[in-house]
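The values are calculated or read from the model by the stated rules, or taken from the named source; none is laboratory data. On a predicted model such as this, the values are computed, not experimentally measured, just so you know. Every residue, glycine among them, receives a Cβ derived from its backbone with ideal geometry; neighbour counts consider all protein chains shown.
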């Protein structure tokens, strides 16, 4: 069926060396991927070849036994590593080095031995097998590189207890509303975010178009790196900051507290606005953009009594 | 088996690993212990980040789904069953062992203050104890048996074999393209390749060993081309409810036996899925989208095995393809993990009953064990099986009347008792008797006729295309299958020779399901627990071989009356061609040709099946975690499933024309996907979870959202809070 000649050990030596290099320079996922053939075949294969000099092993058993030996050797190295340094940092390097040495020794020992003549498949089978192996490699690629997610940013507010329920409502002029604002960057690039906080006085809390004034209260900027979306079902935060809003003097009645999020930079028309000032037109245009979902926005309804 | 083709290639014989239970004990024990050691080593290395490509998931899934059952077969001295039946029984028994082990650990936790059952250590320890105990038992009961079954692997490394292995891989790649970029051409290529493979296997003979492989590969490709659509589970039927039942067990660490939901009452979901999760390290999405479909491929394999007792491999393949080609097989069933497991166990029971060896006590023990597994896996299937089992028993007694012995009667009565008493005890005690009460109500409704819709009101409108267009091809195929089944039954019974054991058993088993098909024509709601396509699918599991028999008998009849030159094509190929055309139609190829709306597996974005994107998923995870104190989290019909699978909360918006405006406080509104573009899926108040209305979200609802708090926003989702 298959001749276990020098070509296999040469391949084993090359892949083991690549695995050693990958364990030093690449991240964990890539190095463990390159280590996989070393684990499955190339640690055990030279050892099986040594054993074959002593006793007969049928061809079909070679890969299963090589796999078992590869697992045992790697698990032993891992156990020793955990005992010595409580980590698994150098296991791939050590196991790949052992594999390289064993395959190298076999190559030297077999330098004068002619490989057994391989029996090749017929043409049709070779084509079908090649297609199958190509598909297998592509499927492995889909596991390593899942299809991409749509880039997105999460923007949210929480109450003092870190929940989205029991949001503040009753307050007073000069009173403070305590909130937590959060952002998570899943846009696949680093982004500088700017959160603008605005306070609107409303003529009627049940009429979204009754905005009378728009006070620009504050700006908060932060630069966030991309963080992958957690698909485990457990939600994970990236960046949160506490935000305490003081209701300005003279502002009362039905209010709506707005948070607008800008990515990269604030558009010129909303930049450098004077704080604690009514910028009605700019504020209204921001609300319009928020309603059209052109920018990410959050808002909560408040009611401020005058007297406090 | 007639007409098998022997390979011309040189044989390459290895010990038959599919029948390792027949090996010498020492060799068998060494083999399974080494597999167990490899499994432990892979888990150990994977925990430390040294294994990639989900190798742990694949290996542990295969080990725990196969080896414990194989050892049980050795304990029960089940030998010389052949590779197909051994595989079927090993997997079915392993699944049952896992479910009952989980149940025992759960009971020990509640009754004996044992350790928390659904943790990795407890499950691995529990299953290892069972594995070692079974191995010891097999040493005690069956250490002397020795055989040397061999497997010729040369057919498995030929061009047709590689072509078959490529089909599931092609399905994975096709769904990858669809999920990432909504590109469906590879899906279409896959469907055509599957159809071509079936026709090629029916027309051209290949080595007989390849036919069961063909059934598995074709079934897997057909299943994967829909199951792997989307990164998350797609709501084909009840998957969000099953997902939550499994997820709750994982979150709590134990199974709550008195939870009132139907899906909480079955071990196939509440225990099996969490066990797979803990052992394989795969998340629940992957388990429901990949592991359960793999188990499901053994159902058509079981049909293949049954049919091969009387048909050649091509006829048996055709019988299996009749199952695979049904739309329900690769859509609705993907949302019914509990029925997948129950059908796997059902097919193994049927295969055992039809096995020609004597009904030894060990075989009966295995049959009962698997039947118990089936009972605790799905109530709906049991409700269908109960009357059929009684009818089968009576038929069997009639057919066996000449050679009837007291022991046969005792075994039959025992089996009948097994079909009735355990389900009543189980569903009467689990989940607050909710399922048993539903069963009782349903039976009462059946008897008083209030469920009966009838021929005039239901069937004629369906067949005249007045409504329920989706049922039309199902009924047409059912009518065709019925006619062929009657011909097959007539052929089997009218044989000049005395009916042999197998025919008597098979006729007794299949006849009630043939009667069922006819009843279903007149009463489309005969079994409330199961939709009509699923019901017909169950019937076809038993009658598919009959349909192929019928085709052959028609072919012989035609040969008598028409000169053989005019009947050149063997009828299995004609029936195969009809099945392939039916498959191409229901899989959406026809839609793409005529420009009709495409199914989800061909158009992920434009279809109406509830599927979820990454942005919706994390927003829903945020909503259920941060909004835990909210009275309700309302969402449209599709997003309500998403919230349900993550938290068990299910608050869909009901309505016909526009979403309702609730007055209650402390509620969340979750919007996502098409909601942000102004459209919404509303649950129909009359046909809850069956019909949904896709309507514009409307100004009233939008204005309502603008005056309440908006607490979460992303490009994909929004969460609102109504506090006043």
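Side notes on the structure shown:
- Only one entry of A:265, A:269 meets the criterion of being assigned to a helix (DSSP H, G or I), at pLDDT below 95 and surrounded by fewer than 17 Cβ atoms within 10 Å (Cβ to Cβ), and that entry is A:269.
- Across segment B:575-613, the number of residues qualifying as surrounded by fewer than 21 Cβ atoms within 10 Å (Cβ to Cβ) and over 22 Å from the mean Cα position of the chain (by Cα) comes to 18.
- Condition check for residue A:101: more than 13 Å from chain B (Cβ to nearest Cβ), more than 25 Å from residue B:168 (Cβ to Cβ), free of Cβ contacts under 8 Å to residues at least 24 places away in the same chain and part of a helix (DSSP H, G or I): yes
- Members of segment A:239-262 that are assigned to a loop (DSSP other than H, G, I, E, B) and surrounded by 15 or more Cβ atoms within 10 Å (Cβ to Cβ): A:247, A:248, A:251, A:252
- Of all the residues in segment B:609-627, those that are over 30 Å from residue B:599 (Cβ atoms) and outside any loop (DSSP other than H, G, I, E, B) number 3.
- Flag if residue B:62 is under 22 Å from residue B:209 (Cα atoms) and outside any loop (DSSP other than H, G, I, E, B): yes
- Residue in segment B:662-677 that is farthest from the other protein chains (Cβ to nearest Cβ), counting only those that are more than 20 Å from residue B:234 (Cβ to Cβ) and free of Cβ contacts under 8 Å to residues at least 24 places away in the same chain: B:663
- Condition check for residue B:190: crowded, with 20+ Cβ neighbours inside 10 Å, more than 10 Å from every other protein chain (Cβ to nearest Cβ) and part of a helix (DSSP H, G or I): yes
- The single condition among (1) within 14 Å of another protein chain (Cβ to nearest Cβ); (2) assigned to a helix (DSSP H, G or I); (3) in contact with a helix residue (DSSP H, G or I) (Cβ under 8 Å, 6 or more places away or on another chain); (4) closer than 29 Å to residue B:156 by Cβ that residue A:64 does not meet is (3).
- Hey, residue A:72 within 30 Å of residue B:151 (Cβ to Cβ), part of a helix (DSSP H, G or I) and within 11 Å of chain B (Cβ to nearest Cβ) or not: yes
- Among the residues of this structure, residue B:616 does not count as one that is more than 25 Å from residue B:303 (Cβ to Cβ), touching a helix residue (DSSP H, G or I) at 6+ places or on another chain (Cβ under 9 Å) and modelled with pLDDT under 90.
- Filtered residues of segment B:642-661 (kept if within 14 Å of another protein chain (Cβ to nearest Cβ), at negative phi and out of contact with any strand residue (DSSP E or B) (no Cβ under 6 Å at 6 or more places or on another chain)): B:642, B:644, B:645, B:646, B:647, B:661
- Residue in segment B:66-84 that is free of Cβ contacts under 8 Å to residues at least 40 places away in the same chain and facing another protein chain (nearest Cβ under 8 Å) present: no
- Strands (runs of 3 or more DSSP E) fully within segment A:142-203 counting 2 or more residues that are more than 7 Å from chain B (Cβ to nearest Cβ) and surrounded by 14 or more Cβ atoms within 10 Å (Cβ to Cβ): A:170-172, A:176-186, A:191-202
- Test: residue in segment A:213-220 that is within 29 Å of residue B:615 (Cβ to Cβ) and within 14 Å of chain B (Cβ to nearest Cβ): no
- If you go through segment B:156-187 and keep only what is more than 9 Å from chain A (Cβ to nearest Cβ), within 23 Å of residue B:317 (Cα to Cα) and surrounded by fewer than 22 Cβ atoms within 10 Å (Cβ to Cβ), you end up with just B:156.
- The residues of segment B:119-139 that are without any contact (Cβ under 8 Å) to a residue 24 or more places away in the chain and either within 18 Å of residue B:280 (Cβ to Cβ) or not assigned by TED's automatic domain parsing to the domain that holds residue B:71 (or both), listed by number, are B:121, B:122, B:125.
- Just one residue in the set B:288, B:321 is part of a helix (DSSP H, G or I) and away from chain A (no Cβ under 14 Å); that residue is B:321.
- Failed item, numbered, when residue B:77 is tested on (1) assigned to a loop (DSSP other than H, G, I, E, B); (2) under 21 Å from the mean Cα position of the chain (by Cα): (2)
- When segment A:265-308 is filtered for residues that are more than 18 Å from residue A:200 (Cα to Cα), out of contact with any strand residue (DSSP E or B) (no Cβ under 6 Å at 6 or more places or on another chain) and touching a residue at least 24 places away in the same chain (Cβ under 8 Å), the ones remaining, listed by number, are A:265, A:307.
- Residue A:284 being at positive phi, away from every other protein chain (no Cβ under 11 Å) and out of contact with any helix residue (DSSP H, G or I) (no Cβ under 9 Å at 6 or more places or on another chain): no
- When segment A:45-59 is limited to residues that are more than 20 Å from residue A:11 (Cα to Cα) and within 14 Å of another protein chain (Cβ to nearest Cβ), the one that is surrounded by the fewest Cβ atoms within 10 Å (Cβ to Cβ) turns out to be A:58.
- Residue in segment B:594-605 that is at pLDDT below 95 and part of a helix (DSSP H, G or I) present: yes
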